[in-house]
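Notes to accompany the following structure.
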Amino acid sequence: MKILVIGSGGREHALAWKLKDSPQTEKLYAIPGNPGMAAIAECVQQISPTDNAAVVAFAKENGIDLVVVGPEAPLAGGLVDALAAEGIKAFGPAKLAAEIEGSKAFSKDLMKKYGIPTAKYEVFSDAAAARAYVKAEGAPIVVKADGLAAGKGVVVAMTEEEALAAVDEIMEGEAFGAAGSRVVIEEFMAGEEVSILAFTDGKTIRAMIPSQDHKRAYDGDKGPNTGGMGAYAPAPVAPPALVEEVTRTVLEPTIRAMEKEGRLYKGCLYAGLMVTADGAKVVEFNCRFGDPETEVVLPLLKGDLVEIMLACVDGNLADVEILWSTGAAVTVVLAA
């Protein structure tokens, strides 16, 4: 099979590395890829991952059998839909399903409607009303840009002043552009965070090994929140019993809810969770593999990633056995 990976980060390198392992993989391409990936995939840097027409044209011209979409922006932009319209298989959710990450307000409303455990919240499109809510609730409190902000549109404010500044910066300072025209303000959850990624074909959902990323920019858990400064797996905070609980209370209800809403979800569902005194609650959903979590989860996957991805696309994940190796994996991020 000829396989095309969309994206340019460490996540995409990990995906390409694992896909290369499959006996089904004949040739790998990456759009745009990166210099590290060039050893295992042909990188096509002149095409933008968010240019649906150009990606589809490339896939058709090169006889691509499977497209694996790494980042959220092409998913939210309907790349999977554009490929499917041309009969090209793609791993990842369609545009309507990708809204689970594309809009935090949609995601929170879905959880409220279907009883999926998450923090108390309100949604605001008016900055004055958002500020009034912060003052009424007090701190600590969490302020999130509604739209896509590359994993950085969240402020965990430990003081009221920080929260008010976050509202001003996101809504009026347009720190994240249109993504911040609405904000979700939610209660602060005390506990330990864990990431559980899962394969799904829209009916069956299979959790991967739990991982934990390090979010703060500086040593000693200080500095601003980032998209992830390293990760390790498995995470002891999520033993097998907790993963089973999360599958039952979060993952399965979420894919059933998405199907009921007419948004059949296929691909990788990422649940960012807080393990609180009252059990695991959803911090956020992402519509794709996590970065950097993918770099520690996939090395522990036994077997054929291509087979698993095709089962997700074709709707027969229930027939595929997914095995994990014992041991652990760590990724370290070097940042300028």
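The values are calculated or read from the model by the stated rules, or taken from the named source; none is laboratory data. Note that the structure is a prediction, hence the values are computed from the model and not measured. A quick note on method: Cβ atoms are made from the backbone with ideal geometry, for glycine too, and the neighbour counts reach across all protein chains shown. Ligands, DNA and RNA are stripped out before the accessible areas are found, and what is left, the full protein with its side chains, is counted by its heavy atoms. Shrake-Rupley method; radii C 1.70, N 1.55, O 1.52, S 1.80 Å.
So in the stretch 295-308, with the set limited to residues that are over 16 Å from the mean Cα position of the chain (by Cα) and touching a residue at least 60 places away in the same chain (Cβ under 8 Å), which one is most open to solvent (accessible area, probe 1.4 Å)? Selected residue: E307.
In summary, strands (runs of 3 or more DSSP E) completely within the stretch 58-152 and bearing 1 or more residues that are under 30 Å from M1 (Cβ atoms) and small (G, A, S) occur at 89-91.
Within the stretch 76-107, the set of residues being open to solvent by 10 Å² or more (accessible area, probe 1.4 Å) and closer than 26 Å to V143 by Cβ comprises A76, G77, E99, E101, G102, K104, F106. Condition first: open to solvent by less than 30 Å² (accessible area, probe 1.4 Å), acidic (D, E) and within 21 Å of L301 (Cα to Cα). Can you find one or more residues in the stretch 9-31 that meet it? Checking the stretch 9-31: at least one residue is open to solvent by less than 30 Å² (accessible area, probe 1.4 Å), acidic (D, E) and within 21 Å of L301 (Cα to Cα). Number of residues in the stretch 238-255 that are open to solvent by 30 Å² or more (accessible area, probe 1.4 Å) and without any contact (Cβ under 8 Å) to a residue 60 or more places away in the chain: the value is 7. When A157, A175, A179 are checked against the criterion of being surrounded by 14 or more Cβ atoms within 10 Å (Cβ to Cβ), modelled with pLDDT of 85 or more and not acidic (D, E), a single residue qualifies: A157.
Examine the stretch 309-327 for a residue that is of a type in the set (D, E, K, R) and open to solvent by less than 30 Å² (accessible area, probe 1.4 Å), and state whether such a residue exists. No - not one qualifying residue is present in the stretch 309-327.
Being buried (at least 23 other Cβ atoms within 10 Å of the Cβ) and in contact (Cβ under 8 Å) with a residue 12 or more places away in the chain: is that true of E259 here? In short, no. On the stretch given as the stretch 6-36, residues that are under 16 Å from D304 (Cβ atoms) and of a type in the set (A, V, I, L, M) total 5.
Go through the residues of the stretch 276-294 one by one and say whether even a single one is among the small types (G, A, S) and crowded, with 20+ Cβ neighbours inside 10 Å. Looking for residues that are among the small types (G, A, S) and crowded, with 20+ Cβ neighbours inside 10 Å, one finds at least one in the stretch 276-294, hence yes.
Results for (1) of a type in the set (S, T, Y); (2) in contact with a Cys (Cβ under 6 Å, 6 or more places away or on another chain); (3) without any contact (Cβ under 8 Å) to a residue 60 or more places away in the chain; (4) open to solvent by less than 10 Å² (accessible area, probe 1.4 Å), shown as yes or no for each residue.
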{"site": "D51", "(1), (2), (3), (4)": "no, no, yes, no"}
{"site": "F58", "(1), (2), (3), (4)": "no, no, yes, no"}
{"site": "I64", "(1), (2), (3), (4)": "no, no, no, no"}
{"site": "V69", "(1), (2), (3), (4)": "no, no, no, yes"}
{"site": "A73", "(1), (2), (3), (4)": "no, no, no, no"}
{"site": "D109", "(1), (2), (3), (4)": "no, no, yes, no"}
